[in-house]
1. Quick one: of A:Lys157/A:Lys232; A:Lys98/A:Lys172; A:Lys176/A:Lys209; A:Lys63/A:Lys273, which pairs are farther than 24 Å apart, Cα to Cα?
2. Just to check I understand the Karplus step: with θ = phi - 60° and J = 6.51 cos²θ - 1.76 cosθ + 1.60, what whole-Hz values come out for the stretch A:69-84, glycine and proline as x?
3. Exposure proxy check: A:His347, A:His46, A:His234, A:His94 ranked by fewest other beta carbons within 10 Å?
4. Exposed loop chymotrypsin sites (Phe, Trp or Tyr not before Pro) only (DSSP loop, at most 14 other Cβ atoms within 10 Å): please give the longest stretch of chain A free of them, not including the sites.
5. Per residue of chain A, what 222 nm ellipticity follows from adding -39500 (n - 2.57) for every DSSP H run with n ≥ 4, rounded to the nearest 500?
6. Return the long-range amide H neighbours of A:Trp125 (sequence gap of 5 or more, or a different chain), with a cut-off of under 5 Å between placed amide H atoms.
7. Can you tell me how much longer the chain between A:Arg210 and A:Asn373 gets when fully stretched, taken as 0.36 nm per residue apart minus their C-alpha distance, in nm with one decimal?
8. Name the long-range amide H neighbours of A:Leu280: under 5 Å, sequence gap of 5 or more, or other chain; modelled H, no Pro or chain starts.
Amino acid sequence: MEITAPRGVRDILPGETEKWRFVEGVAYNLAKRYNYREIIIPIFEHTELFSRGIGEATDIVSKEMYTFEDRGGRSLTLRPEATASIVRAYLEHHFEQKPQPQKFYFFGPMFRYERPQAGRYRQFWQIDFEALGSPDPLLDVEVIALAWDLMFSLGIKNLEIQINSIGCPKCKEGYKIALKEYLADKLNLLCEDCQRRYETNVLRILDCKRESCRSIVEGAPKITDYLCADCKNHFEEVKEGLDLLSLPYILNPYLVRGLDYYTRTTFEIISYKLGAQNALCGGGRYDLLAFEIGGSMVPGVGFAAGLERIVMVLEEEGLLQDTEKGIDIFIVSIGEEAKKQAFKLLHILRREGISADMDYTNKNLKAQMKIANQKKAAKVLIIGEDELSVGMVKIRDMDSGKQEEVSLSDVLSYLRRWKK
RNA sequence: GUGAACGUAGCUCAAGUGGUUAGAGCACCAGGCUGUGGACCUGGGGGUUGGGGGUUCGAGUCCCCUCGUUCACCCCA
């Protein structure tokens, strides 16, 4: 059997996990500051939740889900994103009975069957913020401000907030018709993909990357000109709110996101330091999602941020240093009896809150010292037959190389003093 | 799912147009120093050249298949 992880998934090894915990910690603190409370959702859900919520025709549902049948014949799916689950949890546990909005924070892995590439994996980690129960445009602004604050708190530069409004289903339909009319006589100028999109999902033509399509799109009608009065007003208030907080943003009338549930506000924060997969986070408003999955009408707005991509940018910009920390004490022993005493002392130190370790491979003194050095131990305790016979322990400072003797009974108080 | 590039030691990489027993640095282990880390010196262990098939007297090198990695498309975090 070949010993490898499946395609598109990877281990996060010691040395990397510290970086992940750092990012997660920043997000967790922000959640507290903005009053988003942590929720932990299941890894899998009924397949129907996603097919109805995200949309049957989306790429995620039509070709990217890890779906399986359990022993009871139920169709289950590894979550490809968190929003639908959080809305489901909100409805299931009757959060509409509580003061609105209810705000949630989540951190965990997602699963999508895609071809891996830079910044894209089959199991990837997301930080998720969702605010449910209010249509207030200032809540959209809060969510965008939170996303921006997350990047700012991590120290990430060279970013851009892009926002757009794709309106409600009514304005969207009107716009689609107008867009199709505009494109009708230019179909043969579009790329193959876009000719297909003309039938399947005309909005996606807007963010095609081909130069030829882009130039055609430039002359196309803009969705923001087709918003109904309510949606237009909502969008204006979002922009005002962003200005109020002096958040820099760029209007991108071609920002169309690939999940069906979005209404009105959509936004992304992109980095210039990444490759093709440059969205560090993305989100928007989804006022119809709760209804679509069979609940009452619960407006919501939120975003997801990709851990892998954030860590990539942090590495790129050199914002992640000094993750390797040493231990306080390494105990070196010589001889069977000394090893037992060392082991006992090790346990006592650890119970004292001192990080400590010893050798378990019966290395000689020199080799043990070498290990202590590699583990970046601040001090080494040396216990040999000689020391044991007089009840002493040698304590070596690994920076200065200075060494002193302390009686076994005083070691603890010596180290307590040193730790302070 | 489509396209391209690439797979040699734990890691980073060598091995003119096919030609002895596939090398080096780092890492690891041991010794120099039999009770003292980092530096240095010496030695050692490690490889089915991703896997399978083919061409050839002979394949790490050429051909086919397959798996994997990377990047891009599609799409997304």
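Readers should treat all values here as calculations from the given coordinates under stated rules, not as data from a laboratory. What you see is a predicted model, and the numbers here were worked out from it, not measured in a lab. When we count neighbours, we look across all protein chains shown, and the Cβ atoms used for this are built from the backbone with ideal geometry, even at glycine.
1. The pairs that break the limit, which is 24 Å between Cα atoms, are A:Lys157/A:Lys232; A:Lys98/A:Lys172; A:Lys63/A:Lys273.
2. Rounded to whole hertz, the list is 9, 8, 5, x, x, 7, 8, 10, 9, 5, 4, x, 6, 9, 4, 4.
3. So the ranking, lowest neighbour count to highest, is A:His94, A:His347, A:His46, A:His234.
4. A:1-271
5. Theoretical 222 nm ellipticity from helices: -11500 deg cm²/dmol.
6. Excluding prolines and chain starts, which carry no amide H, the hits are A:Met110, A:Leu307, A:Glu308.
7. Length gained, A:Arg210 through A:Asn373: 53.1 nm.
8. When sequence neighbours closer than 5 places are left aside, the close amide H contacts are A:Ile269, A:Ile270, A:Ser271.
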